[in-house]
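The structure under discussion appears below in the form of structure tokens.
The values are calculated or read from the model by the stated rules, or taken from the named source; none is laboratory data. All figures in this text were calculated on a predicted structure; none of them were measured in a lab. Neighbour counts run over all protein chains shown; Cβ positions are idealised from the backbone, glycine included.
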Amino acid sequence: MTRAILVHLGLGSNLGNRLDFLNQACRELSAVTFRDFRASVIYESEPLLKMKQPKYYNQVVCGLTDLSPVELVVKCQQIENMLGRVRKERWGSRNIDLDILSYGNEIVDNEKLKIPHPEMEKRSFVLLPLLELSPDWVHPESGTSIRMLWENWLKTNDEELPQALKTKNQSS
């Protein structure tokens, strides 16, 4: 029997009804993928690399899953496809994006999957809601706490901070 693993996912949307896409993704994840599902508040953030795109709504969710990392990425892609995700370009605008940020303390590094997410330490819209949701989380590769990752980000970046929306995700 497999044991449930605590998983964190990053969700993002910058096309269409961003709040609705995040809510739908959370409903799907909490219904079929995760037990003890929790979601951070939703943050509005600027696009990466100051790209000319609409602002994003981002949040981090977590829960316990019995799915393997590969099964989890397949499930995330199924949810993205169900919600109409079209993959045109890397870092392009999208109605929904689901990224695996962490899978327990496991490290996965192959052609198809990298866990923990290799860019998470550079992204305030991941670090801030992850800190909110799991303040004791520790990066499995570096051993660095989420608090230290956030402090390091604040010291080395002058980007505009993500702004919390007044509303919380309806599924949480």
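Restricted to region 28-55, and to residues there that are of a type in the set (D, E, K, R) and either under 16 Å from LEU128 (Cβ atoms) or assigned to a strand (DSSP E or B) (or both), the residue that is modelled with the lowest pLDDT is GLU46. Does GLU106 qualify as being part of a loop (DSSP other than H, G, I, E, B), touching a residue at least 60 places away in the same chain (Cβ under 8 Å) and under 16 Å from SER45 (Cβ atoms)? Taking the combined requirement at face value, the residue does not satisfy it.
Every listed requirement among (1) within 16 Å of the chain's Cα centre (by Cα); (2) buried (at least 16 other Cβ atoms within 10 Å of the Cβ) is met by LEU83 save one, (1).
Does region 1-17 hold any residues that are without any contact (Cβ under 8 Å) to a residue 60 or more places away in the chain and either touching a Lys or Arg at 6+ places or on another chain (Cβ under 6 Å) or closer than 15 Å to ILE42 by Cα (or both), and which are they? Passing the criteria: only ASN17. Examine region 48-66 for a residue that is out of contact with any strand residue (DSSP E or B) (no Cβ under 6 Å at 6 or more places or on another chain), surrounded by fewer than 23 Cβ atoms within 10 Å (Cβ to Cβ), under 21 Å from VAL108 (Cβ atoms) and in contact (Cβ under 8 Å) with a residue 60 or more places away in the chain, and state whether such a residue exists. Checked against the condition, which is being out of contact with any strand residue (DSSP E or B) (no Cβ under 6 Å at 6 or more places or on another chain), surrounded by fewer than 23 Cβ atoms within 10 Å (Cβ to Cβ), under 21 Å from VAL108 (Cβ atoms) and in contact (Cβ under 8 Å) with a residue 60 or more places away in the chain, region 48-66 yields at least one hit.
Please work out if LEU6 is modelled with pLDDT of 90 or more, over 23 Å from LEU161 (Cα atoms) and among the aliphatic types (A, V, I, L, M). Judged against the criteria, LEU6 is a match. Exactly one residue out of LEU98, LEU127 is under 16 Å from the mean Cα position of the chain (by Cα) and part of a strand (DSSP E or B), and it is LEU98.
Inspect all residues belonging to region 87-97 and state whether any of them is touching a residue at least 24 places away in the same chain (Cβ under 8 Å) and at positive phi. Checking region 87-97: at least one residue is touching a residue at least 24 places away in the same chain (Cβ under 8 Å) and at positive phi. The numbered conditions (1) in a loop (DSSP other than H, G, I, E, B); (2) exposed (fewer than 15 other Cβ atoms within 10 Å of the Cβ) are all true for GLN78 except (1).
Among residues of region 156-172 that are within 15 Å of SER13 (Cα to Cα) and modelled with pLDDT of 85 or more, those with a beta-carbon under 6 Å from a residue that is hydrophobic (A, V, I, L, M, F, W, C) and part of a loop (DSSP other than H, G, I, E, B) at least six positions away or on a different chain give the pairs ALA164/VAL41; LEU165/ILE42.
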